[in-house]
Amino acid sequence: MIKEDCIFCKIAKGDIPSATIYESSDFKCILDVAPANKGHALIIPKEHSDNIYELDAEMAAKVFSFATIAARAIKEETGCDGLNIVQNNGEAAGQTVNHFHMHIIPRFKGDDVKVTWKQLETESEAQNELAKAIKKRL
Ligand code: AMP
Ligand code: ZN
């Protein structure tokens with residue numbers, strides 16, 4: 001399904017031009033128009049899903065499988081020292097385009113990109129309870 005007024009549906013269809021690295025019948029891999037670093041790429045399924053909660057598991061497998069190939073190519077071309085896979089869901093997580101996509105962000109020693117968090121302390125009993133509670137929902 002294509003969603004009206006979705007910028008990534010339009011990119012996936014080719015209605016909006018993009019710097020395209022790869023295209024299959026299932027997804028497009030493009031360069032981000034406002035990259036965190038040189039070589040910052042996005043993998044965008046052609047079928048519209050708002051986020052990971054809606055994404056078909058088979059499509060997820062295809063997207064991540066291609067990410068392994070794109071990551072190697074981007075590393076070779078940019079000479080990056082590291083690379084982050086980032087995938088935002090919901091405004092609270094920083095999602096700005098509500099069409100599922102995966103970021104591939106090359107990292108260079110000393111760059112100013114922030115993909116980080118303050119680590120909370122945990123207590124093992126509470127962690128085990130939480131793990132059990134989540135497991136029940138699988
Ligand atoms: P997110 O914040 O995870 O939703 O990421 C959305 C990303 O889409 C941002 O990094 C934007 O720079 C990128 N973006 C928005 N419009 C375009 C576009 N027309 N072409 C390429 N990337 C885009
Ligand atoms: Zn869309």
Inset, instruction - Determine which single condition residue 24 fails, assuming it passes every other condition in (1) away from ligand 1 (no atom under 11 Å from the Cβ); (2) farther than 20 Å from residue 62 by Cβ; (3) open to solvent by less than 50 Å² (accessible area, probe 1.4 Å). - result: (2)
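Counting just the residues of region 12-26 that are more than 9 Å from ligand 2 (Cβ to nearest atom) and outside any loop (DSSP other than H, G, I, E, B), which one comes out nearest to residue 47 (Cα to Cα)?
13
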Inset, instruction - Take the residues in region 1-11 that are in contact (Cβ under 8 Å) with a residue 40 or more places away in the chain and open to solvent by less than 80 Å² (accessible area, probe 1.4 Å), then tell me which one is farthest from residue 46 (Cα to Cα). - result: 6
Legend entry - Among the residues listed as 90, 94, 82, the single one being among the small types (Gly, Ala, Ser), within 16 Å of ligand 1 (Cβ to nearest atom) and over 12 Å from the mean Cα position of the chain (by Cα): 90
Inset, instruction - Could you check residue 15 against (1) within 14 Å of ligand 1 (Cβ to nearest atom); (2) free of Cβ contacts under 8 Å to residues at least 40 places away in the same chain; (3) open to solvent by less than 70 Å² (accessible area, probe 1.4 Å); (4) in contact with a helix residue (DSSP H, G or I) (Cβ under 9 Å, 6 or more places away or on another chain) and say which number it fails? - result: (3)
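The values are calculated or read from the model by the stated rules, or taken from the named source; none is laboratory data. The structure displayed is predicted, hence computed values, not measured ones. Cβ coordinates were reconstructed from backbone atoms using ideal geometry, including for glycine residues, and neighbour counts include every protein chain displayed. The area values use the complete protein model at the heavy-atom level, side chains included, leaving out ligands, DNA and RNA. Shrake-Rupley method; radii C 1.70, N 1.55, O 1.52, S 1.80 Å.
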